[in-house]
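In what follows, a structure is listed as structure tokens, so that the remarks can point back to it.
The values are calculated or read from the model by the stated rules, or taken from the named source; none is laboratory data. What you see is a predicted model, and the numbers here were worked out from it, not measured in a lab. With ideal geometry, Cβ positions are generated from the backbone for all residues, glycine too; neighbour counts draw on all protein chains shown. The protein model used for the area step is the full one, side chains on, heavy atoms only, and it has no ligands, DNA or RNA in it. Shrake-Rupley method; radii C 1.70, N 1.55, O 1.52, S 1.80 Å.
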Amino acid sequence: MASDASEIVLPGGVPAGKLVHLALPVRLTHAANGARGAAELACTFDVHPGGARILSSGAVSVGDLLTVERGRAKAVCRVVWTADPQSDLRGQFTVECVEPGRAPWEEELRQAPEQYLPVILDRPRTRYSITGMRRGGENRRRRHRFSVEGEADFRSISGHSRLEGQVQEISECGCRIAAGDLLAPGTDLRLSLNIFDISVALKAQVKYIAKNLGMGVEFQEIRHGDRPLLDYLLHKLKKSSEEFVKVEVVTEPLRALAAAAG
């Protein structure tokens, strides 16, 4: 569904959806049972008007309240996502400001530009991919696609109307989105994905429209700082699919034994 045609800009002059890969030192104070703990040093990975992704050596859980300070500015924030401690993102978590408009990094966010990097599909450590488009006779479905349920916000780069849809499949180089309003093949778009409370922003192009299935888009560029998040998400999906296959393999012999006993 379409929303406001113009970009929402906050009172400080920062677009509401702006997110910048920016390392800033901050102090964290945990609030538990009404008591304040000792302050600890941490660092942001990226910041936006309503929160940040942070790296800290301290333990946090989803739902924790933290006071985040930078200089004289501070804000009470709630932890909304934590990385798997066994992953490459261990120690990272995402917070959202409980008090809107009081992000301690507002000035730095206003001055820093958003940056996007090319999506490189043939990296040696890459293990995932999706779309089956052909370019020059080459089948590009080189890696596994993952079924998933997630949210997508997108808009044509040449337009302002923001649309919403549901992510049905994803890989390293593209995804399939179901939506009431679809964009024509060849349309360049800005795309924001939210899956497992992980947000990733990309520039992409619509490659095809699948009847009753939505549209297939190919990733062109990814926001600086979001590449590790996309890899983390795909690894999580790969691990879940492997565990599902193991369960299926184990249950098949059990079914055969039950049939023989019957």
Looking only at the stretch 44-64, which residues are in a strand (DSSP E or B) and either among the polar types (S, T, N, Q) or open to solvent by less than 20 Å² (accessible area, probe 1.4 Å) (or both)? Thr44, Asp46, Val47, Gly51, Ala52, Arg53, Ile54
Determine which single condition Arg155 fails, assuming it passes every other condition in (1) open to solvent by 10 Å² or more (accessible area, probe 1.4 Å); (2) within 16 Å of the chain's Cα centre (by Cα); (3) modelled with pLDDT of 90 or more. (2)
Of the residues in the stretch 217-236, how many are surrounded by fewer than 21 Cβ atoms within 10 Å (Cβ to Cβ) and farther than 22 Å from Ala52 by Cα? 3
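Could you tell me which residue of the stretch 65-91 is surrounded by the most Cβ atoms within 10 Å (Cβ to Cβ), considering only residues that are without any contact (Cβ under 8 Å) to a residue 60 or more places away in the chain and under 21 Å from the mean Cα position of the chain (by Cα)? I'd like the intermediate steps shown before the answer.
First pass over the stretch 65-91, keeping only residues without any contact (Cβ under 8 Å) to a residue 60 or more places away in the chain: 65-79, 82, 85-86, 90-91.
Next, from what is left, pick out any that are under 21 Å from the mean Cα position of the chain (by Cα): 77-79, 82, 85-86, 90-91.
Details: Cys77: 25, Arg78: 15, Val79: 19, Thr82: 18, Pro85: 9, Gln86: 7, Arg90: 11, Gly91: 16.
Per the stated criteria, the residue is Cys77.
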If we scan the stretch 165-172, do we find a residue that is more than 24 Å from Lys211 (Cβ to Cβ), at pLDDT below 95 and either open to solvent by 90 Å² or more (accessible area, probe 1.4 Å) or in contact with a His (Cβ under 7 Å, 6 or more places away or on another chain) (or both)? no
So which residues in the stretch 186-204 are closer than 16 Å to Ala83 by Cβ and either over 10 Å from the mean Cα position of the chain (by Cα) or crowded, with 19+ Cβ neighbours inside 10 Å (or both), if there are any at all? Ile195, Ile198, Ser199, Val200
